[in-house]
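Let me begin by presenting the structure, written as structure tokens, before commenting on it.
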Amino acid sequence: MNRQRAAQLRLSPLYVQQGLFTVLALVITLIGGQQFMLWQHSQQPDAALTPTQHFTQTHFSAVSSQTADAAPMRMMDVDQAQPEVDMPRQERWVF
């Protein structure tokens, strides 16, 4: 992160204002286009819409379920088991 390059850009407040206005105009145009498409879609008669069937999924099988069944899962120790007397209590942070 070199601050000298950012300082050499010399962005004037006018350029920042123009960029923000362009982004605002783009967002307003996109929202307006979505609203127009929604309005246009709502104006179509319901008879023109084809009925959509929604199927309920009753079973799920993973692609690699056959190999997963062949190799049993094992639990591995994360911390080595040591007597509490030998080791002082260590503070741990888990994020």
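With the structure loaded, tell me whether Met75 is modelled with pLDDT under 70 and either outside any helix (DSSP H, G or I) or open to solvent by less than 100 Å² (accessible area, probe 1.4 Å) (or both) or whether it fails that test.
no
Picking from Leu24, Leu30, Leu9, Leu38, which residue would you name as being open to solvent by less than 100 Å² (accessible area, probe 1.4 Å), out of contact with any Phe, Trp or Tyr (no Cβ under 6 Å at 6 or more places or on another chain) and modelled with pLDDT of 70 or more?
Leu24
The values are calculated or read from the model by the stated rules, or taken from the named source; none is laboratory data. Computed from a predicted model, the values in this text were never measured in an experiment. Note that each Cβ is placed from the backbone with ideal geometry, even for glycine, and that neighbours are counted across all protein chains shown. Side chains included, ligands, DNA and RNA excluded: accessible areas come from the protein's heavy atoms. Shrake-Rupley method; radii C 1.70, N 1.55, O 1.52, S 1.80 Å.
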